[in-house]
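J.: Below: one structure in structure tokens.
The values are calculated or read from the model by the stated rules, or taken from the named source; none is laboratory data. Since we're looking at a predicted model, the values are computed, not measured. Note that we place each Cβ from the backbone using ideal geometry, even for glycine, and neighbour counts take in every protein chain shown. For the accessible areas, the whole protein counts, side chains as well, though only heavy atoms, and no ligand, DNA or RNA atoms are used. Shrake-Rupley method; radii C 1.70, N 1.55, O 1.52, S 1.80 Å.
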Amino acid sequence: MLAFLSVGILSLLLAGIPVAVTLFLLAFGIDQFFSFFPLTKALGQNLWSAADSFLLIAIPLFVLMGEIIVRAGIAEKAYRAMDHWLSWLPGGLLHANITTSALFSATSGSSVATAATVSTVALPQGKTLGYDAKLFCGSIAAGGTLGILIPPSINLIVYGFLTETSIPQLFMAGLVPGLGLALLFMIASLLLCLWKPSLGGPSTVASWGTRLNSLKFLLPLLVLFLVIVGSIYLGWATPTEAAAIGVIASLGLAALNQSLDRKMLMAALDGTIKTSSMILFIILAASFLNFALASSGMVQQLTGLLNAYDLSPFALLMAVIALFIVLGFFIETLSLMVITIPIVTPLIVAAGFDKVWFGIVMILFVELALITPPVGLNLYIVQASRRGEAFSDVIIGTLPYLAAMLVMAALLVTFPSIALWLPQTLSQ
């Protein structure tokens, strides 16, 4: 069954079959060849149970909030403000790319939306000022990955839904590693620009008046973050209710920005429908595949295989991490999560690791998959804004940031409290 699943996933995805269809086909194949029971008879009930979750409403709401912020021009103004504050550093715009990505991540919850927004705003300015194209593109692609680690994160909601883990706990666990990773990205940029100043373009110093005046453009993103995360941890709202509050707040901010009109709202709704439909269809397909795997004894088979090798907990963790790295080269990130979570999470928890902590480790390697070829989605998002220039530039430019991610992964494995300190402190 393991061979069938591995070959089936790679073959169908390489053939260009949509991810959700691939997951359904694998589930039907398991039902046909490996199950003693007609699993398809439970298809309707399984899909209804998976879809009938109040938590899933948060996904389209967070997507809509991000769409409104982008189309209202709030993200672009925030980028200009970060440029004013960080342009004096070696590689000033590189730091603006990363910090703006971190700020936008704290409102959109989407890596794709973050990378697309910053690409549109930053690339023309970076080219005009003579920044190295490789490193500049790499900073945008890497900064965009922060969207699935810094709360609120759609991927953390998916992980929590599939593993029955507290979403607020996951949100808080992702905050410190997310900010730490952003800091590591900035340190990598700084060191490279100190080593070779031509990579960073000219440094400029904005006046204090300009800097202070630009702070008003950062306030909307800060307000949204405080509204969403604050309402959850003050006990005023569930994650889903907080997402709805975030949408209302983003509409108010768009109105204050004088960009709330029918055209903008329809474009935001259209983008939300497309993105949310894709995510929810994949989740439903993954739910039925998980049911098929559990019913056919796949988890027990994999557990027996690993027990035969008598792996220590640490060796098991390293094997799982190696699996994520390899699969990340070939499988899109959300698909990687929904395919692997039902298989590896029970094994990791049984080995004594914390489920919240493992969720953050998994998300970190999912981030890695976002900027590794050939299917690293953020690479293509950035490349789409470059109009025919070499794709290899984007890939090469992400290498320093891949190294920074591996450093953060090593820190998380060595010091789990980086992720667990905040949720444990707040829950006391």
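J.: Take the solvent-accessible surface of the protein heavy atoms, probe 1.4 Å, and return the percent of it on the chain that carbon and sulfur atoms account for. Mind showing how you got there, number by number?
T.: Details: 12650 of 17930 Å².
Roughly 71 percent of what the probe reaches on the chain is carbon or sulfur.
J.: Along the charge dipole of the chain, Cβ charges K/R +1 and D/E -1, which of V382, L422, I371 sits furthest on the positive end?
T.: Farthest towards the positive end: V382.
J.: Compute, for F104, the solvent-accessible surface of its heavy atoms (probe 1.4 Å) with the complete set of protein chains present, and express it in square angstrom to the nearest 10.
T.: Using a 1.4 Å probe on the heavy atoms, I get roughly 0 Å².
J.: Assigning unit charges at the beta carbon (Lys, Arg +1; Asp, Glu -1) and nothing else, what dipole magnitude in debye, to the nearest 20, does the chain show about its Cα centre?
T.: Details: 15 positive and 16 negative charges, 176 e Å.
Dipole magnitude for the chain comes out near 840 debye.
J.: With a 1.4 Å probe and every protein chain left in place, work out the accessible area per residue of the chain in Å², rounded to a whole number.
T.: On a per-residue basis, 42 Å².
J.: Total Lys pairs in the chain closer than 24 Å by alpha-carbon, pairs eight or more apart in sequence or interchain only?
T.: On the way: K77/K127; K77/K216; K77/K263; K127/K196; K134/K196; K263/K274.
Lysine pairs satisfying the spacing and distance rule in the chain number 6.
J.: Take peptides 169-177, 265-273, 244-252 and line them up by average Cβ neighbours within 10 Å, highest first, as a rough protection proxy.
T.: On the way: 169-177: 23.8, 265-273: 16.1, 244-252: 19.4.
By packing density, highest mean first, the sequence is 169-177, 244-252, 265-273.
J.: If you don't mind, another one. Mind grabbing the accessible area of V349 for me, 1.4 Å probe, Å², rounded to tens?
T.: Result for V349: roughly 60 Å² accessible.
J.: Largest first, what is the accessible-area ranking of L334, L327, L179 with a 1.4 Å probe? Working shown, then result.
T.: Numbers: L334 15, L327 35, L179 95 Å².
Largest accessible area first, the residues go L179, L327, L334.
J.: How much length is gained on full extension from K41 to L222, taking 0.36 nm per residue of separation minus their Cα-Cα distance?
T.: Once the chain is fully extended between K41 and L222, it gains 60.3 nm.
J.: I've got another one for you. Given that compact globular proteins tend to follow 2.2 N^0.38 Å, what is the ratio of the alpha-carbon Rg of the chain to that value?
T.: Details: Rg = 21.6 Å, N = 428, 2.2 N^0.38 = 22.0 Å.
Rounded to two decimals, the normalised Rg is 0.98.
J.: I'd like to know which of P177, G359, L123 lies farthest towards the positive end of the charge dipole of the chain, counting +1 on Cβ of Lys and Arg and -1 on Cβ of Asp and Glu.
T.: So the residue furthest toward the plus end is L123.
J.: Restricting things to Cα coordinates, could you compute the convex hull volume per residue of region 108-209 in Å³?
T.: Working: hull volume 12.9 nm³, N = 102.
Taking the convex hull of the Cα positions in region 108-209, it is 127 Å³ per residue.
J.: For the chain, return all DSSP H helices satisfying: extent of Cα atoms along own axis at least 30 Å; mean Kyte-Doolittle hydropathy at least 0.0. It would help to have the intermediate numbers written out before the result.
T.: Working: long enough: 167-195 (41 Å, 2.03); 262-295 (49 Å, 1.22).
Both cut-offs are met by 167-195, 262-295.
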